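Asks: Pasting in a structure now, in structure tokens, and then I'll have a few things to ask.
The values are calculated or read from the model by the stated rules, or taken from the named source; none is laboratory data. Keep in mind the model is a prediction, meaning the values are calculated, not measured. Positions of Cβ are generated from backbone atoms using ideal geometry, with glycine treated the same way; all protein chains shown enter the neighbour counts.
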Amino acid sequence: MKRKIGVIAAALALAWPGAARAAGLRTKFGEVVVRGLKIGQVYSLNSLLSLPLRVTNTGDQTVDLRVDVIRASSQTLHAGYEVIPSTDWVRLDKHQFTVEPDHEAVTDVVVSIPNDPALMGRRFEADIWSRTQTRVGMFGVGMQSRLLIQVASAPPTEDELKKRFVDEHLANLDFTLLPTEGVARDVPLGTEVDLKKLSKVSIKLINPNDQKLNFRIRSLPNFEALLPVPPGYEEAYDPKWLRPAEEVVPVDGNSIKETSLLVKIPDEARYRGKAFFFPVSVEILEQKIPARVYYKLMLETAATPAVPEKI
């Protein structure tokens, strides 16, 4: 069934300016506008718009994360919107997470609009408060996302009234990525290089579950990964320079599998002697809401062109 529902999203990031990467959170769920929601309906933002709430731990320590829906403050309320009458309108599948560095906490956001004709055509704001729980030896960090709900002026159709069930499924980060980062130096240009052979850089996936899982590995632009760039490096100009040896890696239950990373950077003077940062996403394909774990590749290119072999 087609729905005329629109969404606008903006990113949000917050870090404590103390020791490098001491604590930090990032999310693309900074300000989200959802249009055309109808009274009497229940909407899963993941099922409807592929937009779960994802919060990445950009710090260097594992954190305990708490996420809650709160009422917007009248002082910071978005112009043209009302404070949501009840936080019961917005529900999160999960509130508590333990998130390792460069891992994501992910949960579906479910919006329920009461079946009240007086709500039609009105706009409401609900805020989502994500924060680390205070731990010994580190600072607490929090950030507030804004959910802007626009209720449709038209009532739901008969078919829409019948479809109120939301298929809920929680993400499960029950796997391990080892190592979590790698460094490749003096990488030649103009030819595809297997980083495992060149620098012993590879990804190991540990599946402790009984069932076989399939993992998708992708090199992403950093505007998607939202990871802090290591000092001395810059974001790779083209994430497609890097690719996994296998885009989908099947891993049997209770087993470990290793896969390589391949890189090919054009042989141009502007790419010589550079230090590039590549975020690499790893996710389980079987999950309805795939939660990503990030592998960080720091790559340094050769300063001089390769010398052709003499015949």
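For every residue, the table says whether it meets (1) in contact with an Asp or Glu (Cβ under 8 Å, 6 or more places away or on another chain); (2) among the acidic types (Asp, Glu); (3) modelled with pLDDT under 95.
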| residue | (1), (2), (3) |
| --- | --- |
| ASN115 | no, no, yes |
| ALA126 | no, no, no |
| PHE139 | no, no, yes |
| VAL151 | no, no, no |
| PRO155 | no, no, yes |
| LYS163 | no, no, yes |
| SER202 | yes, no, no |
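Asks: Return the pair list, or none, for Cβ contacts closer than 8 Å from residues in the stretch 76-96 that are closer than 20 Å to MET143 by Cβ to residues that are in a loop (DSSP other than H, G, I, E, B) and charged (D, E, K, R), at least 6 apart or on different chains.
Replies: Every condition considered, the pairs that remain are LEU92/ASP108; ASP93/ASP108; ASP93/GLU168.
Asks: Okay, next question. When you check ILE284 against the structure, is it surrounded by 14 or more Cβ atoms within 10 Å (Cβ to Cβ), in contact with a helix residue (DSSP H, G or I) (Cβ under 7 Å, 6 or more places away or on another chain) and at pLDDT below 95, yes or no?
Replies: Criteria not met by ILE284.
Conditions tested, residue by residue: (1) surrounded by 12 or more Cβ atoms within 10 Å (Cβ to Cβ); (2) over 14 Å from LEU262 (Cβ atoms); (3) modelled with pLDDT of 95 or more; (4) not assigned by TED's automatic domain parsing to the domain that holds VAL106.
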{"position": "GLU158", "(1), (2), (3), (4)": "no, yes, no, no"}
{"position": "GLY182", "(1), (2), (3), (4)": "yes, no, yes, yes"}
{"position": "ARG185", "(1), (2), (3), (4)": "yes, yes, yes, yes"}
{"position": "PRO188", "(1), (2), (3), (4)": "yes, no, yes, yes"}
{"position": "LYS196", "(1), (2), (3), (4)": "yes, no, yes, yes"}
{"position": "LEU226", "(1), (2), (3), (4)": "yes, yes, no, yes"}
{"position": "GLU234", "(1), (2), (3), (4)": "yes, yes, yes, yes"}
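Asks: Do we find that LEU49 is on the phi < 0 side of the Ramachandran plot, out of contact with any helix residue (DSSP H, G or I) (no Cβ under 6 Å at 6 or more places or on another chain), at pLDDT 90 or above and assigned by TED's automatic domain parsing to the domain that holds GLN133 in this structure?
Replies: For LEU49, the condition - on the phi < 0 side of the Ramachandran plot, out of contact with any helix residue (DSSP H, G or I) (no Cβ under 6 Å at 6 or more places or on another chain), at pLDDT 90 or above and assigned by TED's automatic domain parsing to the domain that holds GLN133 - is not met.
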